[in-house]
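Accompanying notes for the structure given below.
The values are calculated or read from the model by the stated rules, or taken from the named source; none is laboratory data. For clarity, every value in this text was computed on a predicted model and none was experimentally measured. Backbone-built Cβ (ideal geometry, glycine too); neighbour counts: all protein chains shown. Just the protein is used for accessible areas: all its heavy atoms, side chains included, with ligands, DNA and RNA removed. Shrake-Rupley method; radii C 1.70, N 1.55, O 1.52, S 1.80 Å.
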Amino acid sequence: QVQLVESGGGLVQAGGSLRLSCATSGRYTMGWFRQAPGKERRFVAAITWIGDSTNYADSVKGRFTISRDNAKNTVYLQMNSLKPEDTAVYFCAARRIPITIPTTAGNYDYWGQGTQVTVSS
């Protein structure tokens, strides 16, 4: 069983930054999703195993950056210029097929427990 462990969430003021980390192992495409209260889980960003391709939701383009350090088995989500509407539980996810970067949650095979991000206005 693949274990994914997120960290780095917290409370930040609007305009601030946070960096989320996800500890993982194996050759997976990795994605970040978020879920606000009462809403469905939504795609944020994803990166291939090699790191040669990324994809972002329109709502975070230019503000968030996904990256990975395979030597450390860690995927990161750098979040800048945070807005109150970014408030959600953030989940990392792994997809067994490492060369594609889907944006739908159903295409990911493993999930972390989530980390809360709260942006105050």
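The packing ranking, built from the mean of other Cβ atoms within 10 Å per residue, places the peptides 13-20, 86-93 in the order 86-93, 13-20, highest first. Most tightly packed first, judged by the mean number of other beta-carbon atoms within 10 Å of their residues, the peptides 66-73, 108-115, 24-31 read 24-31, 108-115, 66-73. For the chain, the relative contact order works out to 37 percent when only alpha carbon pairs closer than 8 Å and six or more residues apart are counted.
Rounded to the nearest 10 square angstrom, Glu40 shows an accessible area of 120 square angstrom against a 1.4 Å probe. Of all accessible surface on the chain at a 1.4 Å probe, what whole percent is carbon and sulfur? For the chain, the apolar C and S fraction of the accessible surface comes to 46 percent. Estimated at 0.36 nm per residue, the fully extended path between Ala105 and Ser120 surpasses their Cα-Cα distance by 2.7 nm. Please say if the chain is rounded, prolate or oblate, where rounded means a/c under 1.5 for a ≥ b ≥ c the square roots of the C-alpha gyration tensor eigenvalues, and otherwise the choice is prolate for a/b larger than b/c and oblate otherwise? The shape class here is prolate. Take the Cβ atoms of Glu85 and Arg27, set R0 to 41 Å, and the FRET efficiency comes out at 0.75.
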